[in-house]
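For reference, the structure is listed below as structure tokens.
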Amino acid sequence: MMHEHLTSIYNELQTKYSYQKEYLQSVYEFFESISEVIEEDPRIIETNIIRNIVEPDRIITFKVPWEDDKGARHVNTGYRVQFNQALGPYKGGIRFTPKVNESILKFLGFEQTFKNSLTGIPLGGAKGGADFDPKHKSDQEILRFCRSYMMELHKFLGPNMDIPAGDLGVSQKTVGYMFGMYKRLTQRHEGVFTGKGTKYGGSLARTEATGYGIIYMVLAALKTYFQTDLKDKIVIISGSGNVAIHTGYKAQAMGAKVVAMSSIDGVIHHETGIDVSYLEYIKDNNLSIKDYTLRYPSAIFAENPKRIWEINCDIALPCATENELDLEEAKKLVDNGIMLLAEGANMPTTLDATHYFLDNNILFIPGKACNAGGVSVSGLEMQQNALHTYWDFDTVDQKLQTIMNRIFEDMYETARSYGDDKNLVKGANILSFKRVYQAMLEQGL
């Protein structure tokens, strides 16, 4: 049961933002988990701090005019949602996709605030982007768009103010274009972007970080709950973008058999094991995932991406997009005997699907903990920039593994202290909330 104080606030938000379904979903899921904390500490109600936490500090919206290669003029909408800086400067990615809107960026900024809290690195939460589709655009068109985007956004960025990174639709090359324009406008070379190229301040292992971090989290959970590891486990991974690809590589390196991956075009089911490197080649060359069967005729292709959830597996890793896995798919996974689901994307599981997994005693690791590897290595990149130094891949990878293990241990201990050591959703939400709440309380925010 949700505490009446939280119910009242949620009802207000629902009335005010009825059209922002992603944002409301993330708040509701969060509120469900922290009700017990409200009962423990009367100051939470006295200070009305929850209402403060659920509203972003500011939302910056601006037009982005740009010109295509034929000289035609276009105008997109750019955003930056600076959600909360109680723990440190704003930190969160930039995504370019036609689906970008205020609701999605508010949900992502809200989640980012608590994800960053879990890492233990002093960072606040933010998210940004534009409803620009980089697909089928030339490099010069993307460059022109990035320059126009930064003309407005640079005023709100800084290494101690707001540090973006790449996200969906924003590659390392795109980050470079934005960083280059930022330097032209400010005359400063500083660590204001993470996910940069390694030749000009980027960190090794940043590209792999989210995917590797997911697997480190899964390994920690398997050891704690099942006294086992990934060797010979059957794994399915939705998506075939950067996160999914490096999750696949690391899962295979740890002894798992990855039998299925997907894209917007459909699903590849390859019982003998997915050739992740070939799938990466397909992605990098903008080919259809169906082309995988040209090299591997024994692999099965299905046009509906949701068919991936019908495939028998031990572990499912949704790494594509929000709300890709609903209640019906959750039932199929449970019926097929899944032992663990870890969210690689941000909120890829609908609320009723999450409830179904928890009610059926399936170990469920929420995205705000599981996919924190990316921002963790972004924090390490910021440290290297501040020290004007450069760490080798193994050093960064080891630090990443240490951070992910610590997140799991802290989340697990929090869940256990609240009487349900298998409810890692509650563990992650309560732990991250307490850190943000305490910081706001001590600063009088």
Subject >> Test: Ile38 is hydrophobic (A, V, I, L, M, F, W, C), at pLDDT below 95 and outside the structural domain of Asp352 (by TED's automatic domain parsing) >> reply: yes
**OP:** Would you mind finding the one in Val425, Val377 that is touching a Pro at 6+ places or on another chain (Cβ under 8 Å) and crowded, with 18+ Cβ neighbours inside 10 Å?
**Re:** Val425
Subject >> Pair list, Cβ < 8 Å and 6+ apart or interchain, from region 124-142 residues that are more than 9 Å from Pro98 (Cα to Cα) to residues that are assigned to a strand (DSSP E or B) and at pLDDT below 95 >> reply: none
Subject >> Residues located in region 137-174, provided they are more than 26 Å from Ala244 (Cβ to Cβ) and of a type in the set (A, V, I, L, M, F, W, C) >> reply: Leu143, Met150, Met151, Leu153, Phe156, Leu157, Met161
Original post:
How about region 30-62: which of its residues are touching a strand residue (DSSP E or B) at 6+ places or on another chain (Cβ under 6 Å) and without any contact (Cβ under 8 Å) to a residue 60 or more places away in the chain?
Top reply: Pro56, Asp57, Arg58, Ile59, Thr61
Original post:
Just a yes or no: is a residue in region 319-333 more than 29 Å from Asp229 (Cβ to Cβ), buried (at least 19 other Cβ atoms within 10 Å of the Cβ) and either among the charged types (D, E, K, R) or modelled with pLDDT under 95 (or both)?
Top reply: yes
Original post:
So which of Ile214, Ile142 ends up being of a type outside the set (D, E, K, R) and closer than 27 Å to Ala86 by Cβ?
Top reply: Ile214
Subject >> Residue list for region 53-77, restricted to those being outside any strand (DSSP E or B), surrounded by fewer than 16 Cβ atoms within 10 Å (Cβ to Cβ) and among the aliphatic types (A, V, I, L, M) >> reply: Ala72
Original post:
Identify, please: which residue in region 350-403 is of a type in the set (A, V, I, L, M) and in contact with a Ser or Thr (Cβ under 7 Å, 6 or more places away or on another chain) and is, among those, farthest from Gly125 (Cα to Cα)?
Top reply: Val396
Original post:
Going by the structure shown, is Met404 assigned to a helix (DSSP H, G or I) and touching a Gly at 6+ places or on another chain (Cβ under 7 Å)?
Top reply: yes
**OP:** Determine which member of the set Ala353, Ala345 is out of contact with any Lys or Arg (no Cβ under 8 Å at 6 or more places or on another chain) and either in a loop (DSSP other than H, G, I, E, B) or without any contact (Cβ under 8 Å) to a residue 12 or more places away in the chain (or both).
**Re:** Ala345
Original post:
For region 414-434, which residues satisfy the criterion of being in contact (Cβ under 8 Å) with a residue 12 or more places away in the chain and not in a helix (DSSP H, G or I)?
Top reply: Tyr418, Lys422, Asn423
Original post:
Applying the selection to region 310-339, what residues are over 17 Å from Glu271 (Cα atoms), assigned to a loop (DSSP other than H, G, I, E, B) and in contact (Cβ under 8 Å) with a residue 40 or more places away in the chain?
Top reply: Cys319, Ala320, Thr321, Glu322, Asn323, Glu324, Met339
Original post:
Just wondering, is there one or more residues in region 130-149 that are touching a helix residue (DSSP H, G or I) at 6+ places or on another chain (Cβ under 8 Å), within 20 Å of Tyr23 (Cα to Cα) and modelled with pLDDT of 95 or more?
Top reply: yes
Subject >> Selected residue [among the hydrophobic types (A, V, I, L, M, F, W, C), closer than 25 Å to Ala345 by Cα and surrounded by 24 or more Cβ atoms within 10 Å (Cβ to Cβ)] from Leu168, Leu123 >> reply: Leu123
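The values are calculated or read from the model by the stated rules, or taken from the named source; none is laboratory data. Please read these numbers as outputs of a predicted model, since none were measured by experiment. Note that each Cβ is placed from the backbone with ideal geometry, even for glycine, and that neighbours are counted across all protein chains shown.
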